[in-house]
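First the structure, in the form of structure tokens, and then the observations on it.
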Amino acid sequence: MAQLYYKYGTMNSGKSFEIIKVAHNYEEQGKSVLIFSPSMSGRGTQELIGSRVGFERAAIPVEHDTNLYDSVKTHTTLPSANKIYCVLIDEAQFLKKHHIEELTRVVDELNIPVMAFGLKNDFQNELFEGSYHLLVQADKIEEIKTICWYCDRKATMVIRFRDGQPVNAGQQIQIGGNEDYKPVCRRCYNGAFHTE
Ligand SMILES: [Zn+2]
């Protein structure tokens with residue numbers, strides 16, 4: 001039976017690298033996969049994942065009104081279609097509730113495993129919409145671990161920096177700003193906003 005996997009990690013935990021690795025493992029055996037990534041531009045152009053780790057893969061853009069179930073189903077029923085062995089999702093935190101529900105139908109009705117990779121909490125430690133619904137719906141939940149930027153504890157949070165200063169207020173999704181993010185542990189997160 002196929003399952004819905006949610007693999008979460010903070011910034012720079014190698015999520016995109018992991019997707020590329022999983023895709024490679026399938027394709028090496030001649031098994032096709034589909035890779036989706038939420039469109040941040042809203043222009044429907046192809047998204048590239050993994051550029052930071054030195055490998056790049058094109059991903060099918062997901063718009064707000066994309067129906068992921070229909071999209072996967074179309075890919076499996078095209079005359080030229082290969083059997084799809086796995087669906088991979090990059091930046092799954094940016095998906096909407098209906099996208100996650102559509103992914104559960106890909107698993108349960110099409111019997112195709114879905115692996116969704118993404119952040120869990122935002123820079124204000126609130127769950128993203130996609131993360132919330134993946135935590136509710138996923139069959140298997142796994143953490144991709146990385147180390148705090150400032151100490152040697154496990155990073156579980158992210159700090160947003162603007163002009164080099166940590167900020168803990170603002171929009172959840174900032175597009176085209178000069179923000180920078182660092183993975184941190186809880187202690188360093190709290191320490192960044194307390195000046196004693
Ligand atoms: Zn730390």
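The values are calculated or read from the model by the stated rules, or taken from the named source; none is laboratory data. None of these values were measured; they are calculated from a predicted model. Heads up, the Cβs are rebuilt from the backbone with ideal geometry, glycines too, and the neighbour counts pull from every protein chain shown.
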The strands (runs of 3 or more DSSP E) lying wholly within the range 1-102 that contain at least 1 residues that are surrounded by 15 or more Cβ atoms within 10 Å (Cβ to Cβ) and modelled with pLDDT of 95 or more are 4-8, 32-38, 57-62, 84-89
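Given the criteria surrounded by fewer than 15 Cβ atoms within 10 Å (Cβ to Cβ), farther than 19 Å from Lys15 by Cβ and of a type in the set (A, V, I, L, M, F, W, C), does Val136 qualify?
On the way: surrounded by fewer than 15 Cβ atoms within 10 Å (Cβ to Cβ): yes; farther than 19 Å from Lys15 by Cβ: yes; of a type in the set (A, V, I, L, M, F, W, C): yes.
So Val136 passes the test.
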Tally time: how many residues in the range 130-157 are in contact with a helix residue (DSSP H, G or I) (Cβ under 9 Å, 6 or more places away or on another chain), away from the ligand (no atom under 12 Å from the Cβ) and assigned to a strand (DSSP E or B)?
1
Only one of (1) within 15 Å of the ligand (Cβ to nearest atom); (2) under 21 Å from Tyr5 (Cβ atoms); (3) not charged (D, E, K, R) is not met by Leu119, so which one is it?
(1)
